[in-house]
1. Considering each of 161, 175 in turn, give the residue that is part of a helix (DSSP H, G or I), closer than 23 Å to residue 214 by Cα and not acidic (Asp, Glu).
2. Are any residues in the range 137-159 more than 18 Å from residue 107 (Cα to Cα) and either open to solvent by less than 20 Å² (accessible area, probe 1.4 Å) or in contact with a strand residue (DSSP E or B) (Cβ under 6 Å, 6 or more places away or on another chain) (or both), and if so, which ones?
3. Residue by residue through the range 233-249, note down the ones that are surrounded by fewer than 18 Cβ atoms within 10 Å (Cβ to Cβ) and in a helix (DSSP H, G or I).
4. Answer yes or no as to whether residue 147 is in contact with a helix residue (DSSP H, G or I) (Cβ under 7 Å, 6 or more places away or on another chain) and more than 28 Å from residue 114 (Cα to Cα).
5. Go through the range 181-219 and count every residue that is open to solvent by 70 Å² or more (accessible area, probe 1.4 Å) and outside any loop (DSSP other than H, G, I, E, B).
Amino acid sequence: MGIAVLTIALLCACATAPPEEELPSAESYYQRGVKLLEGRRVFLFFSDVDYPKAIESFQEVIDNYPYSEYSLLSELAIADIHFEREEYDEASSYYHDFVELHPNHPKVAYALYRNGLCSYNQMRAADRDQAATREAAAQFRALLERFPDSEMTKDAQVRLGECENRLALQGIEIGDFYFSQHDWHAAARRYRVTLTQFPSHQDRARTMVYLGVSLARLHRYGEAESALRRALELGPDEELRDSAELELDQLANLPLYGPRVLPKSCVTDPNPSCPPQVQ
């Protein structure tokens, strides 16, 4: 009797147990996140966006449907939320992971560009640490190399130029310090490094002039003349042009160098093929 009652009770319990709740689809979670990002109207021109709830919806897609296309879109959506909230380190982490984990996805160019912007928006003055500037430049270069026809290429080129000018300026300022101390070796080395690393930087004509003057003080006249003439070809402003031409005039009047300029090798490395020098 007891067994029969227990059996009936179990059957009744099974009959009345609620069915397992089915998870919403990946698209449903994703669209819910998108809808939350639209926000609700507050006053006439403002809307209140529940960013944590939106992130939660996108994270549901990632957790429950990791192989869905909506999962990839959700990763970018979370990155974009952090970006819009100026949480650049968090955004950069998501963009970086997206590029690393999905290198062939059509949105990789977008992720590279936005990752570059994360660092670009954190750049500091030229006399401060330039880690963010270097990282921004690296991301923009990667975009330009991998996706030269991207719609973001033009803007990336402009921003890359700004990054390189800032990095070049830091090197130039160090060179100028050595120049002011008459440490010609250190100044010339710093100017050369800047010109090598950033050959198209904005102040390259000035850098060339200061390099030429530094080399002239080191008695490396052939190299000095080459740098100064290159600076003139770049079309410097009037003050720089006058400085370069004055230095060239001084070189031309050196007893062992002018008025006719000898080949560079005969100045820095005399050999039997060089014309005889006046003693």
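The values are calculated or read from the model by the stated rules, or taken from the named source; none is laboratory data. Computed from a predicted model, the values in this text were never measured in an experiment. Please note: Cβ atoms are built from the backbone with ideal geometry, for glycine as well, and neighbour counts cover all protein chains shown. Quick note on the areas: whole protein, heavy atoms, side chains included, nothing else; ligands and nucleic acids left out. Shrake-Rupley method; radii C 1.70, N 1.55, O 1.52, S 1.80 Å.
1. Numbers: 161 fails: closer than 23 Å to residue 214 by Cα.
Result of the check over 161, 175: 175.
2. The one that is more than 18 Å from residue 107 (Cα to Cα) and either open to solvent by less than 20 Å² (accessible area, probe 1.4 Å) or in contact with a strand residue (DSSP E or B) (Cβ under 6 Å, 6 or more places away or on another chain) (or both): 137.
3. Taking the range 233-249 first, the residues surrounded by fewer than 18 Cβ atoms within 10 Å (Cβ to Cβ) are 233-235, 237-239, 241-242, 245-246, 249.
233, 238, 239, 241, 242, 245, 246, 249, listed by residue number.
4. Values: in contact with a helix residue (DSSP H, G or I) (Cβ under 7 Å, 6 or more places away or on another chain): yes; more than 28 Å from residue 114 (Cα to Cα): no.
Here the answer is no, as residue 147 does not meet what is asked.
5. 8
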